[in-house]
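The values are calculated or read from the model by the stated rules, or taken from the named source; none is laboratory data. Quick caveat, the model's predicted, so the values are computed rather than measured. Here the Cβ is made from the backbone with ideal geometry for all residues, glycine too, and neighbour counts use every protein chain on show. Please note that ligands, DNA and RNA were not included when accessible areas were found on the heavy atoms of the full protein model with its side chains. Shrake-Rupley method; radii C 1.70, N 1.55, O 1.52, S 1.80 Å.
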Amino acid sequence: MNKIAFFGLGYVGLTTAVAMASRGFKVIGYDVDKAKVASLKAGKLTVYEPGLSETFKEALKNIRFTSEANEAVNEADTIFITVGTPSKPDGSIDLSNVIFASRQIGEGLDGYKLVVVKSTVLPGTTMGVVRREIESASNKKCCRDFGLAVNPEFLREGSALEDTLKPDRIIIGEADKASGDQLEELWRGFLNGYEVPIVRTTPENAELIKYANNAFLAIKVTFANMFARLCMKIPGADIDTVMKGIGLDKRIGPYFLNAGMSWGGSCFPKDLKAIVKFAQEKGVRLGLVEEALRINSKGPEDVVQIAESLIGSLKAKVVCVLGVTFKPDTDDVRESPSFYLVDELKARGAKVKCYDPKASAFPSGCEINKSPKECINGSDLVILVTEWNEFKYLNPEDFLSMKSPVVIDTRRILNKRAFEEKGIKLVQLGVGV
Ligand code: NAD
């Protein structure tokens, strides 16, 4: 049986490590962040994902954690690189974690192992810098002394464990057949009869599939967000019905059409910027992707304009922002649109209060509240941004503690009629007024 190492224990590395350990694989997790490793060793999870803590407990007998890179390399047959690949200030990809991890793996290589790049990297990275770093640090040759493959990850935060246990497909970009065979066998063992397409291809295709996938999804949500703005100008129109109508067309499909203020998170913004920059360097303009980024960045400003149309100048007004994570069921706030919204509100002189049930951090300069009711209380305006389940149960009565209740529901989860019956002004993003 394979023993598997993970270099990087963030949302992807930790979830995949726990999922594999829960299915009986022996797993060793390594991270440069010593505090993270100490916490995991103590049995305390470092990310919030539904179901992960229960599965973690079941998986404990098969998983261990270390702060020693060599130990992880020596013990494993297959080593997954799951480190972060953030943006540089100019939007290009920052590969420093990938390069460092590759070098560490190279330095530890003590026999034939398969190295798998699961981090999102641009086409050419695996067969270029990753291979070079491992070869030069180990003095060994790719495809002879060690195997190499790309295995992009498609899990969604908020359902990361479920997505890992039941993926839509497995993409394998292989440096050579032996590497592809070893990785396919590992995944088939993990899936244990659960049938999904396994696509074997070149490393470059596998790398590009990940970017094309994220660009397409981001464009699809942007499309819904754009039409939501139009719906608001058409009395009788609502975006959910319009998107349901088009989603029934098999060529379009129903997913990723749930309009909101804008998208965020640790992947879409950085991956779209990285592929745009990469294409520019190749002399190709990804105009559609650039436009999705532009439209998306305007989302918070659009909502602030709606706010001003409802209550006038925001100067000295108290605004309650419900939800600061970039989506529900995660604690991740990376590139969360709520943070940009808070900045826009503060720039107009508003005093901002925030509530979120799980956020790992809050925007600076805002008052942090412990419950939605505390946040709503005494404010001039409430803006509901993240569709946390608990917000669906807010009643009109919960808003009567506002000075003169006005609510913007960017996710259309509150019952408009019930609010209006109580004399509360409720504007829903994407619903014609
Ligand atoms: P993350 O920031 O949550 O975690 C990355 C981890 O890697 C951190 O714990 C960091 O300390 C560690 N690390 C950095 N350098 C290291 C090294 N040399 N050795 C060992 N550990 C190291 O990142 P994430 O969200 O898990 O994403 C990881 C990769 O997967 C990224 O490339 C991302 O684009 C991609 N991805 C993420 C998601 C997602 O939803 N988060 C989905 C699909 C793909």
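Could I have the simple spin-label model distance between Ala35 and Asn70, label points 7 Å from Cα toward Cβ, reported in nm to one decimal?
So the label points at Ala35 and Asn70 sit 2.7 nm apart.
Gain in length, Ala137 to Lys403, computed as 0.36 nm per residue apart minus the alpha-carbon separation, to one decimal in nm?
Working: separation 266, 0.36 × 266 = 95.76 nm, distance 6.49 nm.
Answer, rounded to one decimal: 89.3 nm.
At most 13 other Cβ atoms within 10 Å and a DSSP loop assignment: could you name the chymotrypsin sites (Phe, Trp or Tyr not before Pro) in the range 361-393 that fit?
Loop-located and lightly packed - Tyr393.
Give the calculated FRET efficiency between Lys422 and Asp176 to the nearest 0.05, with a Förster radius of 56 Å applied to their Cβ-Cβ distance. Before the final figure, lay out each step's value.
On the way: r = 67 Å, r/R0 = 1.20.
The pair Lys422/Asp176 has a calculated efficiency of 0.25.
Using 0.36 nm per residue, how much length does the chain from Phe216 to Leu191 gain when fully extended, once their Cα-Cα distance is taken away?
On the way: separation 25, 0.36 × 25 = 9.00 nm, distance 2.68 nm.
That works out to 6.3 nm of additional length.
Trypsin sites (Lys or Arg not before Pro) within the range 314-373: which are DSSP loop residues with at most 11 other Cβ atoms inside 10 Å?
Working: sites: Lys315, Lys317, Arg334, Lys346, Arg348, Lys351, Lys353, Lys358, Lys370, Lys373; in loops: Lys315, Lys317, Arg334, Arg348, Lys358, Lys370.
Those that pass, being in a loop and sparsely packed, are Lys315, Lys370.
Where does helix 11-22 land angle-wise versus the long Cα axis of the chain, in degrees 0 to 90, nearest 10?
So the inclination is approximately 60 degrees.
Can you give the alpha-carbon Rg of the range 326-405 over 2.2 N^0.38 Å, where N counts its residues?
Numbers: Rg = 12.3 Å, N = 80, 2.2 N^0.38 = 11.6 Å.
The reported ratio for this selection is 1.06.
Can you pull out the trypsin sites (Lys or Arg not before Pro) in the range 115-156 that DSSP calls coil and that have at most 11 other Cβ atoms within 10 Å?
Lys141, Arg144
Could you state the accessible area per residue of the chain in Å², with a 1.4 Å probe and every protein chain left in place? Mind showing how you got there, number by number?
Details: 18750 Å² over 433 residues.
Per residue, the chain has 43 Å² of solvent-accessible surface.
Looking only at the chain, where both bridge partners belong to it, what percent of the DSSP beta bridges are antiparallel (to the nearest 5)? Spell out each step's value before the answer.
On the way: 4 of 48 bridges.
Taking every DSSP beta bridge within the chain, about 10 percent pair in antiparallel fashion.
Let me spell out the model: positive unit charges on the Cβ of Lys and Arg, negative unit charges on the Cβ of Asp and Glu, origin at the Cα centre of the range 211-250. What dipole size does that give, in debye rounded to 20?
Numbers: 5 positive and 3 negative charges, 15 e Å.
For this selection, approximately 80 debye.
Once phi is turned into θ = phi - 60°, what whole-Hz ³J(HN,Hα) does the Karplus curve with 6.51, -1.76 and 1.60 give for every residue of the range 362-371, x standing for Gly and Pro?
After applying 6.51 cos²θ - 1.76 cosθ + 1.60, I find 10, x, 6, x, 10, 7, 9, 9, 9, 8 Hz.
Can you tell me how much longer the chain between Thr241 and Ala347 gets when fully stretched, taken as 0.36 nm per residue apart minus their C-alpha distance, in nm with one decimal? Each step should come with its number before you reach the end.
Working: separation 106, 0.36 × 106 = 38.16 nm, distance 3.47 nm.
Roughly 34.7 nm would be gained on extension.
Grab the other residues whose beta carbon is less than 13 angstrom from that of Asn192, score K and R as +1, D and E as -1, and report the net. Before the final figure, lay out the partial values.
Numbers: positive: Arg23, Lys166, Arg188; negative: Glu185, Glu195.
Combined, the nearby Lys, Arg, Asp and Glu give +1.
Anything over 32 Å Cα to Cα? Flag those among Lys298/Lys373; Lys177/Lys220; Lys44/Lys373; Lys36/Lys220; Lys36/Lys298, in the order listed.
Numbers: Lys298/Lys373 29 Å; Lys177/Lys220 35 Å; Lys44/Lys373 30 Å; Lys36/Lys220 35 Å; Lys36/Lys298 35 Å.
Beyond 32 Å between Cα atoms: Lys177/Lys220; Lys36/Lys220; Lys36/Lys298.
From the P(r) of the chain, can you give the percent of Cα pairs sitting at distances over 30 Å?
Working: 44637 of 93528 pairs.
The share of Cα pairs beyond 30 Å in the chain comes to 48 percent.
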